[in-house]
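Have a look at the structure below, then the notes.
The values are calculated or read from the model by the stated rules, or taken from the named source; none is laboratory data. Everything numeric here is computed off the predicted structure, so don't read it as measured data. A quick note on method: Cβ atoms are made from the backbone with ideal geometry, for glycine too, and the neighbour counts reach across all protein chains shown.
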Amino acid sequence: MSVLVYTESDNGKFKKNALEVASYASEVAKQLSTNVTAISINATENDSLGAYGVTKILNVNNDQLKTFNAKAYANVISEAVKSEEAQVIIVSSSSDTKYLAPILAAKLSAGYVSNVVAIPESTSPFLVKRTVFSNKGFAYTQITTNIKVVGVSSNSFGLVENSGTAQIEDFNPAINDSDFSTKSIEIDKVVGKATIADADIVVSGGRGLKSPENWGMVEELANVLGAATACSKPVSDMGWRPHSEHVGQTGKPVASNLYIAIGISGAIQHLAGVSASKTKVVINIDPEAPFFKAADYGIVGDAFEVVPKLIEKLKEFKAQNA
Amino acid sequence: MKILVCISNVPDTTSKINFTEGDTKFDTNGVQFVINPNDEFGLTRAMWFKEKQSAIVHVATVGGPNSESTIRKALAIGADEAIRVNAEPTDGYFVAQQLAEVVKNGGYDLIIAGRESIDYNGGMVPGILATLLDINFVNTCIDLQIDSDNVTATREIDGGKEKIATSLPLVIGGQKGLVDESDLRIPNMRGIMMARKKPLNVVEPIDAIRATNDVKFEKPEPKGAVKLVDAANIEELIDLLHNEAKVI
Ligand SMILES: Cc1cc2nc3c(=O)[nH]c(=O)nc-3n(C[C@H](O)[C@H](O)[C@H](O)COP(=O)(O)OP(=O)(O)OC[C@H]3O[C@@H](n4cnc5c(N)ncnc54)[C@H](O)[C@@H]3O)c2cc1C
Ligand SMILES: Nc1ncnc2c1ncn2[C@@H]1O[C@H](COP(=O)(O)O)[C@@H](O)[C@H]1O
C-alpha cells in the first residue's frame, strides 16, 4: 500500500501547495509505514520534490495536457493510483484540484474529504479532521471506502523539508479524446501577481473605502507586502473591484498567513471565509466594528490616514530588513 | 431543455453553530434553514432559461421531511416540480448516487448544482454526479450560455477566469456571478399560492454506499482579545507583525 500525492504545477513549476501536500503525504506515509509517490503533469523541476519526502515521481509529459482539463487530469491520476496500488491519495485545495478531486473519487469509488486541516487522527479507522460550517466548526470524519482521497486545506500543514531525493519515472497513461468534450477556449488570468489562493498575505478593502478610486492605497500596500488584493462582497457587487477578488462565505476562501482588512465591518459571512487566516489585522474607524472581535491586531482609525502611514513605515521597514 | 436544480437545505448564513448529543450532531435548535446560496444563484439562472428559452425546471433535494419547506420555496420562486429523495444527506457520495438516479429517471439535459453546500462544505456532489452519469462537468461556474446543444461556460479559477466550450448533457457547480445579485428572487404571495398546487414527489432512496461518516464535531477555540495599536504608533504594529506574529 502506498500513498500517492498529486503535485500541481503551473508552467512547469510546482506550486507552493504542491510542496505542502507532498509534506503532508510524507507524514501520512510515515503513519502507514510506507512511501510516497507523487504524480506530476508536465512539471519540469521534479527533483525539488525529494526534499519534501517524496521517494518516487511519476512524471507525465504530454502536450494534450498543457492546459488543465479536470476529466483528463483525473484520469491520469486515477491511472497512477492503479499502477501504484495506492490506497490513500492526497490532493490540495486549489480551484483546479477541487474541480478534479470529486471526479477522481467517483472514478475510484473512493470516499473524498475536503478541507482537511491536520494529519489523520488515526489510519485504522481512517479518521481526519476537517473544517465545516465555513470554519465555524470542525468535524472528525471517517472514510470507510478502500481507497481514500484527502483534500488538504491550504496553509494548514505547512512545508516540511528533509534531505531526501526522489527517483523520477516517465508515466504515459492513455489519454481519452472523450475527456476533452469540455474544452478550454480562453483563459483570462492576472500574471506576475500573487493570487488570493496562494498568497502569504492578503490585503482586503471594504465599503469603508467609499469609492473605487481609493483603491490605489490598497494596491500600494499590497505591493509593498507582496500581497494579493481582495474585497468584501458589496464592493464587488457594486463593481468597484472584480468579482474574483470577493472573499467570504459566498466568495473565495482565504487561508493566508496574514489578512489585513481595511474598512470592512466584519459581518459573519465575511469572517466565515477569512477566519482560516493565521493572523488578522483590522483597520476600522468604528471601535465597535465586529471585526475587532475576530482580529489579532487592530487599529481604530481613519483608513485614509492610517494606510498611507502604514505604507510609508513598511517601506522603511523593508529597506532596513532587505 | 429540461433542467434539474439540485438544492441543498442549509442553515442560514447568520446561524450560530452548536453541536449536541455529545458533540456528535449539529444542533438545529433555533436554526433557520434556507436554499444553499450557491444553489439560489443556480435556480435563478434556471428561471432565466425557463423564461427566455422555455426550459422546464425541476428541483431535487435529498433530505428528510423537514427539508420540504426549503424546496417549496424553490417552487414558489418558479420551479415547475420538486423531487425529494427521502434520506438523510450525511455523505456527498451517497447524495450524488441518489441524484444520479433522479437524473436517469427524469431525462434532464442540464443539471445545475452549487460549488459547495455552506454547511458541510464538501464541494463534491456535482463532480461525483457528473462522473457517475458520465456527462460533462464545469465547476465554479460564473456564466452559462446555451445555444441548442452548444454550451459556453465560464468558470472562476485562481487569479482569473476560464471560458469553456462544451455540450449538453451537462452538470455545473454554480456560484455567485451566475446571475446578478439583484436578480435573486424572493417568493411573492402568488408564487407561494401556486407552489402549493405544484407536484412535490417523494421518492425512496436507492441502495448506495456511504463513503464517509462524521463521528464527532468540535468548535474552534475561543479567540483571544484583539491587541489594539494606536494610530499614531504604526511602528508598533509592524514590530508585532514581525517579531510576535512572524508574518512579515
Ligand atoms: C447570504 C449572504 C452571503 C454573504 N456573503 C458574503 C461574503 O462572502 N463576503 C462578504 O464580504 N460579505 C458577504 N455578505 C454580506 C455581509 O453580510 C456584509 O454586508 C458585508 O460583508 C459588508 O461589507 P463591508 O464590511 O465592506 O461594508 P460595511 O458593513 O458597510 O462596513 C464598512 C466598514 O467600514 C468602516 N469605515 C467607514 N469609513 C471608514 C474609514 N474612513 N476608515 C476606516 N474604516 C471605515 C465602517 O466603520 C464599517 O465598519 C453576505 C450576505 C448574505 C446575506
Ligand atoms: N442533500 C442534497 N440534495 C440535493 N442537492 C444537494 C444535496 N447536497 C448537495 N447538493 C448539491 O451539491 C452542491 C454541492 O454540495 P456539496 O458537495 O455538499 O458541497 C450543492 O450546492 C447542491 O447543488
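Tally up the residues in the stretch B:160-174 that are within 17 Å of B:Val125 (Cα to Cα) and surrounded by fewer than 24 Cβ atoms within 10 Å (Cβ to Cβ), please. Let's see the steps before the verdict.
Keep residues of the stretch B:160-174 that are within 17 Å of B:Val125 (Cα to Cα), which gives B:169-174.
The next check asks that each one be surrounded by fewer than 24 Cβ atoms within 10 Å (Cβ to Cβ); those that pass are B:169.
Here the count works out to 1.
Restricting to strands (runs of 3 or more DSSP E) lying wholly in the stretch A:76-145: which have 3 or more residues that are more than 7 Å from chain B (Cβ to nearest Cβ) and modelled with pLDDT of 95 or more?
Filter on the stretch A:76-145 gives A:86-91, A:126-132.
Could you say whether any residue in the stretch B:114-124 is farther than 26 Å from A:Gln269 by Cβ and either modelled with pLDDT of 95 or more or away from ligand 2 (no atom under 14 Å from the Cβ) (or both)? Talk me through it step by step, then tell me what you get.
From the stretch B:114-124, those farther than 26 Å from A:Gln269 by Cβ are none; that's our starting set.
Checked the stretch B:114-124: no residue is farther than 26 Å from A:Gln269 by Cβ and either modelled with pLDDT of 95 or more or away from ligand 2 (no atom under 14 Å from the Cβ) (or both).
For the stretch B:121-137, give me each residue that is of a type in the set (A, V, I, L, M, F, W, C) and within 25 Å of A:Ala272 (Cα to Cα). Show your work before the answer.
Step one: list which residues in the stretch B:121-137 are of a type in the set (A, V, I, L, M, F, W, C), which gives B:124-125, B:128-130, B:132-133, B:135, B:137.
Hits for the stretch B:121-137 are B:Met124, B:Val125.
Of (1) surrounded by 13 or more Cβ atoms within 10 Å (Cβ to Cβ); (2) touching a residue at least 60 places away in the same chain (Cβ under 8 Å), B:His242 satisfies all except one. Which?
The single condition B:His242 does not satisfy is (2).
Determine whether B:Ala153 is facing another protein chain (nearest Cβ under 9 Å), modelled with pLDDT of 95 or more and under 19 Å from the mean Cα position of the chain (by Cα). Show your work before the answer.
Values: facing another protein chain (nearest Cβ under 9 Å): yes; modelled with pLDDT of 95 or more: yes; under 19 Å from the mean Cα position of the chain (by Cα): yes.
The answer is yes for B:Ala153.
Consider B:Ile128 against the criteria (1) more than 7 Å from chain A (Cβ to nearest Cβ); (2) under 18 Å from the mean Cα position of the chain (by Cα): it satisfies all of them except one. Which criterion is unmet?
(1)
Residues of the stretch B:98-123 being among the β-branched types (Val, Ile, Thr) and either more than 14 Å from every other protein chain (Cβ to nearest Cβ) or outside any loop (DSSP other than H, G, I, E, B) (or both), which ones?
Looking only at the stretch B:98-123, we keep the residues that are among the β-branched types (Val, Ile, Thr), and these are B:102-103, B:111-112, B:118.
The answer is B:Val102, B:Val103, B:Ile111, B:Ile112.
Just wondering, is there one or more residues in the stretch A:2-18 that are modelled with pLDDT under 95 and more than 19 Å from A:Asp198 (Cα to Cα)?
yes
Keeping to the stretch A:155-188, report how many residues are among the polar types (S, T, N, Q), at pLDDT below 95 and part of a loop (DSSP other than H, G, I, E, B).
Residues that pass the stated criteria total 6.
Having 3 or more residues that are within 8 Å of another protein chain (Cβ to nearest Cβ) is the bar; report the helices (runs of 4 or more DSSP H) wholly within the stretch A:228-322 that clear it.
Working: elements: A:233-237, A:268-274, A:291-294, A:303-321.
Helices (runs of 4 or more DSSP H) meeting the threshold: A:268-274, A:291-294, A:303-321.
Filter the stretch A:192-223 down to residues that are part of a strand (DSSP E or B) and within 14 Å of chain B (Cβ to nearest Cβ) and give me whichever is nearest to ligand 2 (Cβ to nearest atom). Walk me through how you get there before you give the answer.
Narrowing the stretch A:192-223 to residues part of a strand (DSSP E or B): A:201-205.
Those left that are additionally within 14 Å of chain B (Cβ to nearest Cβ): A:201-203.
Values: A:Ile201: 28, A:Val202: 24, A:Val203: 29 Å.
Here the answer is A:Val202.
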